[in-house]
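Encoded as structure tokens, the structure appears first; notes follow it.
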């Protein structure tokens, strides 16, 4: 007689922020086997991109994920620029770097909140998500949107950072600098967090290496890889980035959930430094190599060759490959998100874990989170569902308000 | 081992590319590999340092399927470069050996190629559907044989007209 039983978690489950199917084989309270089934949100975006011109695909790539809505188009633009040998002006390189780092800040803050929530520390979730609003407002001020920034174009960026925008960024950075030590204390000195995260969900160095883990998940296991330093791009050729491993702070590497918290918190401070340096050095000059889009499209339709675009997204290496054969649309487009590489490392983390630790371990690799598609407004006893148009109107009003002040 | 040694070892070409401010050059190795040799080649790459497999990309070339294994060599050393192994398999017999025994992290990329391009990987530890639904039949989405186009047309017809 079997002494184990199977616990399905997903495809939709309160512990998960996006659809994913886990099937756990449990013995008592212990996980002895796990099977993963992704794909519940697979929208065939790569196929859609093989039926469109690269300029349209920039916006499509942006919609692969709301949180990484700068990383995917960034990697895609780099792949196309690489295939077509298109030069990018220096100012655009710096602006790309600044927005990419702002995205990392908001993404890591979002993750810290989710992690706090998964271990039942909801006060901390609200604190972190409250401070995250500052960088979201900043992104909205600069780009016009909280997510899906529409900043990128093949060969440059579409919007400039004005002196007023730069001032806003500096203010926000000061705000985060003052707050950073408080966040470190809240997360790292709390005994409850330590008990729930130390020696939980351990990923060894060898497993991280052999299972091809990326980003903070790999770095927390001591695998010091970071595309920003390994193969510098944009302004990272000038601003040196050191891959952050947990031993920078704790003098040891355990590869557990605690180490993943440490890495992301340290990276928050690193992003602040990078943005400050970029703002200091921001050169003058054009934003795009070819600002006339029909001309750019004609140029792109003549490209023959293949290109690779690699960038360090908040969750790790984001890898795009395009094969272009003098046609309007690329023949092949392969987008590899960081979570794709971090799927397999989930297994060794979850094996041997307690059922109660499943949510925090699953969340510790920071899997990409799907967005809401409608919302309910409540005020006192009245509640009603807001329409998309209403939400859009409110959001446009808020952006205008932010840009005035 | 530097990039030129690697390129020589695998009989590959080095492509120079420029990146970022200061137009820093970075090199990428592109090497053609026979499908029967893939295991040997990956083993040789592991001998000089365990590589990171970003993904495997696949293209339908009509009568053949082209697979590109995107490795990065020298990870976490600060001197990393991309090594691409390009191989083609005939569509009539799209079979290649799985590299999961050498690089366990290749499983996701290989399972994706099975369902999206109909490539068969010999010796793969798990050949089930990954991203597509279990009951998906009949068409490989990334094959350019018109089957998926027909499906998309059928879906378009069912959509309410604006």
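Table: residues versus (1) in contact with a helix residue (DSSP H, G or I) (Cβ under 8 Å, 6 or more places away or on another chain); (2) more than 28 Å from residue B:129 (Cβ to Cβ).
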site: A:27; (1), (2): no, no
site: A:47; (1), (2): yes, no
site: A:51; (1), (2): no, no
site: A:61; (1), (2): yes, no
site: A:84; (1), (2): yes, yes
site: A:88; (1), (2): yes, yes
site: A:97; (1), (2): yes, yes
site: A:100; (1), (2): yes, yes
site: A:109; (1), (2): yes, yes
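Hey, could you check the stretch A:336-349 for residues that are within 26 Å of residue A:80 (Cβ to Cβ) and at the interface with chain B (Cβ under 9 Å from one of its Cβ atoms) and say which is surrounded by the most Cβ atoms within 10 Å (Cβ to Cβ)? Selected residue: A:341.
Take the stretch B:77-89 and flag every residue that is surrounded by fewer than 19 Cβ atoms within 10 Å (Cβ to Cβ) and at pLDDT below 95. Within the stretch B:77-89, B:77, B:78, B:79 meet the criteria. When the residues of the stretch A:238-254 are filtered to those that are within 21 Å of the chain's Cα centre (by Cα) and within 14 Å of chain B (Cβ to nearest Cβ), which remaining residue is modelled with the lowest pLDDT? Here the residue is A:240. The one condition from (1) more than 13 Å from the chain's Cα centre (by Cα); (2) assigned to a loop (DSSP other than H, G, I, E, B) that residue B:149 does not meet is (2).
Listed here are the residues, each with its yes/no results for (1) more than 14 Å from chain B (Cβ to nearest Cβ); (2) crowded, with 20+ Cβ neighbours inside 10 Å; (3) in a loop (DSSP other than H, G, I, E, B).
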| position | (1), (2), (3) |
| --- | --- |
| A:185 | yes, no, no |
| A:199 | yes, no, yes |
| A:219 | no, yes, no |
| A:225 | no, yes, yes |
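Within the stretch A:201-217, the set of residues being in a helix (DSSP H, G or I), in contact (Cβ under 8 Å) with a residue 12 or more places away in the chain and more than 8 Å from every other protein chain (Cβ to nearest Cβ) comprises A:205, A:207, A:208, A:215, A:216, A:217.
Within the stretch A:23-44, the set of residues being touching a strand residue (DSSP E or B) at 6+ places or on another chain (Cβ under 6 Å) and away from chain B (no Cβ under 14 Å) comprises A:24, A:25, A:26, A:29, A:31, A:32. The condition of being surrounded by 19 or more Cβ atoms within 10 Å (Cβ to Cβ), closer than 30 Å to residue A:305 by Cα and at pLDDT below 95 holds for only one of A:94, A:149, that being A:149.
Each residue in the stretch B:20-39 was checked for being surrounded by 14 or more Cβ atoms within 10 Å (Cβ to Cβ), touching a strand residue (DSSP E or B) at 6+ places or on another chain (Cβ under 8 Å) and part of a loop (DSSP other than H, G, I, E, B), and 1 of them qualify. Annotation: residue B:17 fulfils all but one of (1) closer than 22 Å to residue A:332 by Cα; (2) within 14 Å of chain A (Cβ to nearest Cβ); (3) within 19 Å of the chain's Cα centre (by Cα); the unmet one is (3). The stretch B:40-122 holds strands (runs of 3 or more DSSP E) entirely within its bounds, and those carrying 1 or more residues that are facing chain A (nearest Cβ under 10 Å) map to B:52-60, B:64-73, B:81-90. Among the residues of this structure, residue A:290 counts as one that is modelled with pLDDT under 95 and surrounded by fewer than 22 Cβ atoms within 10 Å (Cβ to Cβ).
Restricting attention to the stretch B:20-39, and to residues there that are within 14 Å of chain A (Cβ to nearest Cβ) and out of contact with any helix residue (DSSP H, G or I) (no Cβ under 7 Å at 6 or more places or on another chain), which single residue is farthest from residue A:231 (Cα to Cα)? Residue satisfying both the conditions and the ranking: B:32.
The values are calculated or read from the model by the stated rules, or taken from the named source; none is laboratory data. Model, not experiment: these values are computed from the prediction. No Cβ is skipped: glycine too gets one built from the backbone with ideal geometry, and neighbour counts run over all protein chains shown.
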